[in-house]
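Heads up: the structure comes next, in structure tokens.
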Amino acid sequence: MIVEDRKNGYAIELPEGWQERKGKFGTLSHHSILFGLIGDKHYFESADGRSRLTVSAGANIWPSPLIRKAAMCDFLVFNVFLELTETDLTEIEGFCLGGEENTVYYWYESPHGSGRFISAVREGREYTLRTSVVKDDDTLEKYAEIEWIIASFRFLEPGNAECSSR
């Protein structure tokens with residue numbers, strides 16, 4: 001399924017079985033206080049409910065990439081603190097979301113699962129992708145699926161239509 005958000009100018013492809021959910025996910029990593037607060041959010045979930053994706057787009061509130069990176073790290077560490085689990089946090093350098101060089105990408109892993117937190121700023125707007133995968137027997141397949149979804153993200157020409165799925 002290809003999801004196009006023409007209002008915010010992006011498209012992303014989701015594997016078979018994934019669907020958009022209404023409302024919010026119950027984890028802090030999918031509805032942060034700062035990231036994605038301003039703008040539109042879309043929540044997606046795999047058929048088995050063990051993989052999740054939140055895509056948000058809105059005005060960029062960060063004065064520099066360094067401050068955005070520090071805030072992302074602080075947010076992830078705070079999330080880990082709330083869950084009281086030990087987590088490895090790794091920055092993926094050189095990644096460009098949809099070809100945008102102004103991208104910050106963190107991968108994190110805990111005993112319960114893993115996730116990606118990606119923020120790209122383009123033309124005064126911030127686009128974030130937040131993923132989570134619950135660990136189980138097919139975790140490696142789920143990681144590959146998440147990476148495929150992230151790689152499918154692309155920017156569109158600005159338009160007036162609302163978000164659409166096809």
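Any read-out appearing in this document is the output of simple, stated calculations on the displayed coordinates, not a laboratory observation. Just so it is clear, the model here is predicted, and its values are computed rather than measured. Neighbour counts run over all protein chains shown; Cβ positions are idealised from the backbone, glycine included.
Couple of notes before you dig in:
- Footprinting exposure proxy for L53, L89 (fewest neighbouring C-beta atoms within 10 Å first): L89, L53
- Neighbour-count order for F155, F44, fewest beta carbons within 10 angstrom listed first: F155, F44
- Seen from S114, the other residues with C-beta closer than 10 Å to its C-beta sum to a net charge of +1, counting Lys and Arg as +1 and Asp and Glu as -1.
- Nonlocal amide H pairs with W18, under 5 Å, H built at 1.01 Å: A47
- Modelled label reach - D48, point 7 Å along Cα→Cβ, the stretch 122-158 residues with backbone N closer than 16 Å: 132-147
- Other residues within the sphere of radius under 13 Å centred on the Cβ of W18, judged by their own Cβ, net out at -2 (K and R +1, D and E -1).
- Residues of type aspartates and glutamates that K7 reaches as a straight line, Cα spacing below 19 Å, ignoring anything fewer than 8 places off in the same chain: E20, D40, E100, E123, E126, E157, E162
- Which of T103, T90 has the fewest Cβ neighbours within 10 Å, and the rest in rising order: T90, T103
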